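Just below is one structure, and these are the notes that go with it.
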Amino acid sequence: MKLHARQLIALAAVVAIAISIFQPYSAQADSAYIKKIQYPGIRIIGLEDGRLVYELNGSERRVSISDVTRIQLEHHPAFNEAEQALFDGDPAESIDAYEKLVDELKPGPMRTLVRARLIQAHDRSGHFDQALQQYLDMIEADHGAHMMWLVPSAAPPNATAQADAVQRAQARLSETNDLIARRALEMLIARVSGHELHEASRETTAPGSAESHESGTVGPDAAPRVPVTDNDVVARLLNAGQFEQVIERTDVELEKRNAPLSRHLYYRGLAEAELGRDMDALISLMRVVVHFERGPYAGFCMMRAGEIYHKRGAYDKAERLLSAARDRDELSAHQRQRIDELLDADIPDSDE
């Protein structure tokens, strides 16, 4: 009898250990195909700053939504059906399901994810007007940096549709003072107008130089701002174009113990670049690249520093940085396209 009791106690202990081991995995039954590789047993949180946020083995990770082929969520069968339809090449069916989910879900990361997928579904289907309208609707409600990464690429069917789309985007641009929303709309207008060369040439006038700063324009291909959180005063200053105050505030923040150094150096580098202080900007950005290479801001800093070097004619340094940045997960497809344009650009002959 005593032996039986001991066996029961031992069995209970084994069961408890088994539950403690396997429970986290059973609670993480979502999956995603990222760059055509399946990642099962993850927990998907939603879309934030243009990146799919998910948890794997207790660690939160992020990947550009443009690199995600298909998502499967344990508790959202309707979303899974839409994803499967899109994956199988049936965008019409996926669009209907996404639209229903947008109406049903409350505002939050999951609804943002579904709205982003709806834009992508229309875009992949060549539905220019629908993709455009969904994008304009979303940008009015959500000014996150991911809006710059979801700019539709479908071509307008004719010149009339093109002119109408540009007019609608320009009207929305005139209604907002939000820096991220304005930059996203500028990218949309440039893409719809077909002036890709004009958009690229704006970088040669040095976004952040005295000329561009005085005119109030900011190059749309600069590294994106980080979305503003409730306590992120520096990001708010940056989005408001108060670049001198950003530099003053980061002086204070960088002196604090346990301060997020890479984030504040990133902010500082962007502000210095916008003010035309190229060398100061390079120092701030390269500190992130050197000391925080594995951090979430390194890729953006590589790209922005590469753009500055390219503008200044230091093409070897620019190529090294831009090539390294291109392979970073945090960069979007649009940013990689911008890097390709710089890397493929003809290098002017020096007259010196």
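Remarks
- Within segment 68-85, considering residues that are aliphatic (A, V, I, L, M) and assigned to a helix (DSSP H, G or I), the one surrounded by the fewest Cβ atoms within 10 Å (Cβ to Cβ): A78
- With respect to the conditions (1) in contact with a helix residue (DSSP H, G or I) (Cβ under 9 Å, 6 or more places away or on another chain); (2) on the phi > 0 side of the Ramachandran plot; (3) of a type outside the set (A, V, I, L, M), S94 lacks only one, and its number is (2).
- Residues that are without any contact (Cβ under 8 Å) to a residue 40 or more places away in the chain and either at positive phi or part of a helix (DSSP H, G or I) (or both) were ranked within segment 311-321; the one that is surrounded by the fewest Cβ atoms within 10 Å (Cβ to Cβ) is D316.
- Selection count, segment 91-101, where residues are surrounded by fewer than 24 Cβ atoms within 10 Å (Cβ to Cβ) and in contact with a Leu (Cβ under 6 Å, 6 or more places away or on another chain): 0
- Test result for I339, within 20 Å of I247 (Cα to Cα) and not assigned by TED's automatic domain parsing to the domain that holds I34: no
- Entirely in segment 196-301, the helices (runs of 4 or more DSSP H) that have 2 or more residues that are at pLDDT 85 or above and either within 23 Å of E330 (Cα to Cα) or not hydroxyl-bearing (S, T, Y) (or both): 243-253, 261-274, 278-291
- Pairs, first within 13 Å of M302 (Cα to Cα) in segment 253-273, second at pLDDT 80 or above and basic (K, R), C-beta under 8 Å, six or more apart: L265/R287; G269/R304; L270/R304
- When each of R182, R117 is tested for being at pLDDT 75 or above, in a helix (DSSP H, G or I) and under 30 Å from D344 (Cβ atoms), the lone residue that passes is R182.
- Any chance H291 is loosely packed, with under 15 Cβ neighbours inside 10 Å and more than 21 Å from R51 (Cα to Cα): yes
- Across segment 120-142, the number of residues qualifying as over 17 Å from the mean Cα position of the chain (by Cα) and part of a loop (DSSP other than H, G, I, E, B) comes to 3.
The values are calculated or read from the model by the stated rules, or taken from the named source; none is laboratory data. No experiment lies behind these values; they were computed from the predicted model shown. Here the Cβ is made from the backbone with ideal geometry for all residues, glycine too, and neighbour counts use every protein chain on show.
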